[in-house]
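Nothing in this text is a laboratory measurement; each read-out follows from the coordinates by a stated rule. Bear in mind that the values here come from a model prediction, so they are computed numbers and not experimental data. Backbone-built Cβ (ideal geometry, glycine too); neighbour counts: all protein chains shown.
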Amino acid sequence: MKTNYRILDLIRRDRAPLESHLIDGLVDGRVSRRDFVRHGSLLGLSLPLLGRIGMAAGFGAAPSLARAQGAPGATIRVACYAPAGAIDPVTNADGGGYLMVQQVGEFLCIDGPDLVLRPVLAESWKPNDKGTVWTFKLRKGVKFHSGGEMRADDVVATFDRLADPAGSSNALSVFKGVLQKGATKKIDDYTVEFHLDAPNGNFPYMVSSDNYNAIILPASYKGDYEKSFDGTGPFKRENYTPKVGASFVRNEDYWGEKALPDRTEFTFFADIQPQILGLQGGQVDIINQLSGLTSIGLLNDPNVEIISLKATTNRQVHMRCDSDPFKDPRVRRAIALSIDRDKVVAGLLKGRASMGNDSPFAPVYPSTDTSVPPRKRDIAQAKQLMEAAGAGKGFKVTLTAMSFQEIPAYAQLIQNWVKEIGIELDLNILDEGAYYGDAVFGKSPWLDSVMGITGYGHRGVPNVFLAAPLKSDGTWNSAHFKNEKYDMLVDSYIAALDLEAQKATAGKIQELLLEETPVLFTYFADYLTGTAKGVTGVQPSAMGQLFLEKASKA
């Protein structure tokens, strides 16, 4: 198709300079169609408008995610991990907990499986020219299950709770240095402004489903969520029993299209194997989360469908930069060069992963600089680095890891590979609770161990991965990595509103982290959900959420 410049010129008349620059990037070929749609949605351009621009630029109609609608009235049964503690949208930090909240609650927008942002409780959003203020227009006529209409006061109160440093919000890891309590402003009943600490080009992801704590709650919320399960979503709580399960029913007063299922049931498990047996035996219809390693027995089962999403889920191997034997970056690089990434992806993850290059920039991110050469296994070079660092005779060190999905098996692979360069690893595998400890420096094997492996869930943009575990003041800086140049580059990346500017800074960050190697990012695992054959309309998110309003059974 040919470019229709007349239509493009008409569209540009109402667009901000930043939006026009993105359109020019698509027309000139500097920005791909996929990245154009993702970044355009981030800037608040609607999907219909992005589609019209793509058509005018000669790309044809955008692919649709729409599915054929199934039959209504089913009961959908889900196997999932049990919430680790009391359910509270503000403090939840585990998959079981925020899965429960998401069944009844909603976000301003959602981060789809294609990383495209779609409006939910917000109808639109846009930044000012510096990216320091983001304005969100709220949907009218949305009611909480408790009866009141959702308005700006509720949104302001929600984000003040999440950004309150005196509280126990799990979202402080997202909002530290980004959004303060009191910086979310009501303009009118259906307009909210977020006044940020600094320019932030990716901010809408931080108030989307990407931030699983960002469920909008009534302004009157005071805690004790398990008594109310209040929200605005397409399902309402029917029953919740800690350590056992939960059930939800269709919300007949939902503001949008009504859910297809009459009912959903969630059964809690402590381990994956009973979930697999339940799916194969017909006791459940869905396993919310699998891994490449745990799903081996299901991959060739004709009665099971695997939904696979490209994701940024990663297992960070940190090495303490302030402690022997990892003070010298040459030792850290040597360990990185001993890892056989091809075998990790093909063997451990059964091909259900993308290769990592020791930075948070996963291949799926539009801002990743794919021209940076990938790191390959090179034992000869690793040995040379060990010699140059004065560690040619090797050393003994403990690798502490959490017992979750494939992480223990990954630790064993690392243990075997580093033997080839003279390093003897003792493995210390802890359950999740013991590994995280109090999750503060001085009281956490995660943050205090000289070497460790931590599981990180998917994020639609790399901001949290760049800041929390790697900036000098990062709340999750288990590598104790302190580098002023890195901190400045991350601040520059986060501030950039333009995709090409983000990519240019990303390349510099990627090269710096290859040189310093405080943390290994050897793979980004796909997100896998298993369903019984004949179950359709299930939409998982790589964050671990499960959207069931379109689900049905044959």
**Fill in**
Expected vector for segment 26-31, Karplus 3J(HN,Hα) from phi with 6.51, -1.76, 1.60 and θ = phi - 60°, integer Hz, x for Gly and Pro, equals 5, 5, 7, x, 7, 10
**Item:** For the chain, the longest site-free run once GluC sites (Glu not before Pro) in DSSP loop states with at most 13 other Cβ atoms within 10 Å are removed
**Value:** 258-554
**Request:** Can you give me the three principal axis dimensions of segment 167-316 from its C-alpha atoms, in Å, biggest first?
**Result:** 54, 41, 30
**Request:** Counting only trypsin sites (Lys or Arg not before Pro) that are in a DSSP loop and have at most 14 other C-beta atoms within 10 Å, tell me the longest site-free stretch of the chain.
**Result:** 444-532
**Residue-by-residue Karplus 3J(HN,Hα) for segment 184-189, coefficients 6.51, -1.76, 1.60, Hz, glycine and proline x** = 9, 10, 7, 9, 8, 4
**Prompt:** Expressed as a rounded percentage, what relative contact order does the chain have, with Cα pairs under 8 Å and six or more residues apart?
**Reply:** 19
**Asked** Applying 1/(1 + (r/R0)^6) with R0 = 45 Å to the Cβ-Cβ distance of A219 and Q69, what FRET efficiency is obtained, to the nearest 0.05?
**Response** 0.80
**Prompt:** In terms of Cα to Cα distance under 25 Å, which lysines are near enough to K327, apart from those fewer than 8 places away along the same chain?
**Reply:** K376, K383, K393, K396, K419, K443, K471, K482, K485, K508
**Message:** Need one number: nm distance between label points at S228 and A380, each 7 Å from Cα along Cα→Cβ, rounded to one decimal.
**Reply:** 6.7
**Computed lengthening from K533 to A554, 0.36 nm per intervening residue step minus Cα-Cα distance** = 6.7 nm
**Gained length - A439 relative to D271, 0.36 nm times residue gap less alpha-carbon distance** = 58.2 nm
**Prompt:** Semi-axes, largest first, in whole Å: what does sqrt of 5 times each Cα gyration tensor eigenvalue give for segment 329-482?
**Reply:** 23, 21, 17
**Asked** Name the residues of segment 186-209 whose amide N is less than 14 Å from a point 7 angstrom out from the Cα of S124 along the C-beta direction?
**Response** 191-192
**Request:** Would you calculate a helix-derived [θ] at 222 nm for the chain, using -39,500 (n - 2.57) for each DSSP H run of n ≥ 4 and dividing by the full residue count, to the nearest 500?
**Result:** -8000 deg cm²/dmol
**Item:** Cβ-Cβ FRET estimate between I307 and A84, R0 fixed at 22 Å, reported to 0.05
**Value:** 0.35
**Message:** If Rh is defined by the Kirkwood formula over all Cα pairs and Rg also comes from Cα, what ratio Rg/Rh do you get for segment 208-269?
**Reply:** 0.97
**Request:** Calculate, in nm to one decimal, what S323 and S371 gain on full extension: separation in residues at 0.36 nm each, minus their alpha carbon distance.
**Result:** 14.0 nm
**Prompt:** Where a ≥ b ≥ c are the square roots of the eigenvalues of the C-alpha gyration tensor, would you call segment 419-554 rounded, which needs a/c under 1.5, or, failing that, prolate if a/b is larger than b/c, or oblate?
**Reply:** oblate
**Asked** What residue among G25, M55, S41 has its Cα farthest toward the positive end of the dipole of segment 1-65, where the charges are +1 on Lys, Arg and -1 on Asp, Glu, each on the Cβ?
**Response** M55
**Complete:** Over its alpha-carbon atoms, segment 1-112 yields an Rg and a Dmax in Å of 20.1, 58
**Prompt:** For W417, what charge total do you get from the other residues with a beta carbon under 11 Å from its beta carbon, if Lys and Arg give +1 and Asp and Glu give -1?
**Reply:** +2
**Message:** Using the crude model of +1 on Lys and Arg Cβ and -1 on Asp and Glu Cβ, and no other charge, please compute the dipole size for the chain relative to its Cα centre, in debye to 20.
**Reply:** 1040
**Listed residues A166, I216, T191: farthest to the positive end of the dipole of segment 91-232 (Cβ charges)** = T191
**Request:** Under 1.5 on a/c is rounded, so check that first for segment 55-179, then, if it is not, pick prolate when a/b is larger than b/c and oblate when it is not; a ≥ b ≥ c are the square roots of the alpha carbon gyration tensor eigenvalues.
**Result:** oblate
**Request:** Go ahead and run the numbers for FRET between D94 and T3, Cβ-Cβ distance against an R0 of 41 Å, rounding to 0.05.
**Result:** 0.25
**Prompt:** In terms of Cα to Cα distance under 28 Å, which lysines are near enough to K140, apart from those fewer than 8 places away along the same chain?
**Reply:** K126, K181, K185, K186, K222, K227, K236, K258, K550
**Message:** Over the Cα atoms of the chain, each weighted equally, I'd like the Debye log10 I(q)/I(0) at q = 0.12 Å⁻¹, rounded to two decimals.
**Reply:** -1.25
